[in-house]
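The block underneath contains the structure these notes are about, expressed in structure tokens.
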Amino acid sequence: MPPIPLVDVKAQYAPLIPQLQRVFAEVLESGTFILGPNVQAFEREAADYLGVRQTIGVANGTDALVIVLDALGIGAGDEVICPSFTFYATAEAIVRRGAVPVFADIDPATYNLDAEDVATRITPRTRAIMPVHLFGRPAPLAELASLGVPLIEDAAQAFGASGVALTGIASTYSFYPTKNLFALGDGGLVAANDEEVASRVRLLRFHGSRAKVEFELVGYNSRLDEIHAAALRVFLPHLDGWMRQRREAAERYRELGLGELVTTPEDEPGHVYHLFVSRSSERDRIVGALRDAEIGCATYYVPPLHLQPALSFLGYDEGSLLETEKLARENFSVPLWAGISPEQQERVVDVVRSAVGAPVG
Ligand SMILES: Cc1ncc(COP(=O)(O)O)c(C=O)c1O
């Protein structure tokens, strides 16, 4: 049996290679590689797709977060509430700005921020809440918004998930190649409805300058490259189809009985399944069996951010975020991408079944 990767990026873009070659040839012909017509057009197309006024292309999803925090004037002495169960960049961006990440616990069913726990962590220094739409599942934006603190949505894993980008003061995206909408290298985006925030982000991504003559702010050199924008423009019209395939693959795992062996992620219509992350008290045995069978799998956020060495200065101890720590012990992902075959999924479920000692279904 051939190995099954966790995600097969090439399978998604392979049919589009002739179109990619055409648009890359056009970029080469143009001789414009930075902030050219493809970036401008992609920013417009992405804004229309997301239903927001403005988007601004940046170099990656981490910079997108740092620049938004900067644009909102968040820095030393400020607190930003975020999950600990997320990729490191979420909290790193807050620390980069000299602000303090305050970790809140998660809802064990959705893996997203628990709004009730967030509410207990608000102080006079809280400047923002940074929900992460984890693994492609929208965070509870209405509940979080009702807490009366501005939301910055870390949507790195959730481009196109319904409801995302419409509540927060800004939302940020990563186009890392395994994301649902991806570049062929690093890339990122900020989306904002507030014109003032958008124009500050636009200034900050290019040294705080409009035309490289006068420098109004101390900013960054963080731009989405023209070549990546050209590829993103090829991919964006396919995103809805890819997301439909991802949702179908998630449904198929349930039909194949994975949910009788482990706790599969709770579905909801807006979930775009960047990853299919289940949980089980027998996680280590399952992961071992998948690896032995050459099936891609991964475990996430172990240790979670509040227990990471670089963030030990924040003073969190083991046991301080119980649901987060339990999920870090139990979670694992199985292969999922737009185009995974039913046979590949059957094999994954068979291996999990034998790992947990259940009878063959
Ligand atoms: C939740 C989250 N935030 C931020 C980032 C950072 O994005 P990038 O890798 O493009 O800098 C990622 C990337 O994986 C992510 O998953």
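The values are calculated or read from the model by the stated rules, or taken from the named source; none is laboratory data. As the structure is a prediction and not an experimental result, all values here were calculated from the model. Every residue, glycine as well, gets a Cβ built from its backbone with ideal geometry; the counts of neighbours run over all protein chains shown. Ligands, DNA and RNA are excluded from the accessible area calculation, which covers all protein heavy atoms including side chains. Shrake-Rupley method; radii C 1.70, N 1.55, O 1.52, S 1.80 Å.
Sites listed here are trypsin sites (Lys or Arg not before Pro) in the stretch 22-91 whose DSSP assignment is loop and whose Cβ has at most 15 other Cβ atoms within 10 Å: R53. Taking all protein chains into account, the per residue accessible area for the stretch 1-131 stands at 43 Å² (1.4 Å probe). What residues of the stretch 121-154 lie in the reach of a label at L322, counting those whose backbone N is under 18 Å from a point 7 Å from the Cα along Cα→Cβ? Output list for this probe position: 121.
Computed from the Cβ-Cβ distance with R0 of 56 Å, the FRET efficiency linking I17 to R53 stands at 0.95. The slack between L166 and K10, meaning 0.36 nm per residue of separation minus the straight C-alpha distance, is 53.0 nm.
For the pair E214 and D284, the difference between a 0.36 nm per residue extended length and the Cα-Cα distance amounts to 19.5 nm. Heavy-atom surface analysis with a 1.4 Å probe gives the chain a carbon and sulfur content of 51 percent of its accessible area. Taking Cα centroids, how far is the stretch 236-263 from the stretch 1-79 in Å? Measuring centre to centre over Cα atoms gives 24 Å. Across the options A198, T324, T167, the greatest Cα extent toward the positive end of the charge dipole of the chain (unit charges at beta carbon of Lys, Arg, Asp, Glu) belongs to A198. Between Q308 and V356, the distance separating the two model label sites (each 7 Å from Cα on the Cα→Cβ line) works out to 3.0 nm. Loop-located trypsin sites (Lys or Arg not before Pro) in the stretch 101-159 (DSSP state other than H, G, I, E, B) with a sparse environment of at most 16 neighbouring Cβ atoms within 10 Å: R121, R125.
The smallest convex shape that holds all Cα atoms of the stretch 239-355, its convex hull, gives 128 Å³ per residue.
Based on protein heavy atoms only, the stretch 143-286 ends up with 41 Å² per residue of surface accessible to a 1.4 Å probe. The mean sequence separation of alpha-carbon pairs under 8 Å and at least six residues apart, normalised by the residue count of the chain, gives a relative contact order of 21 percent. For the stretch 67-147, applying the loop criterion from DSSP together with a ceiling of 16 other beta carbons within 10 Å to the chymotrypsin sites (Phe, Trp or Tyr not before Pro) yields Y88. Provide the FRET efficiency to the nearest 0.05 for the E116-Y88 pair, computing r from the beta carbons and using R0 = 22 Å. Taking R0 as 22 Å, the efficiency between E116 and Y88 is 0.30.
Averaging the Cα positions of each part gives two centres, and for the stretch 155-172 and the stretch 295-361 these lie 24 Å apart. Averaged over residues, the count of other Cβ atoms within 10 Å places the peptides 286-294, 112-120 in the sequence 112-120, 286-294, highest first. Estimated at 0.36 nm per residue, the fully extended path between E294 and S199 surpasses their Cα-Cα distance by 29.4 nm.
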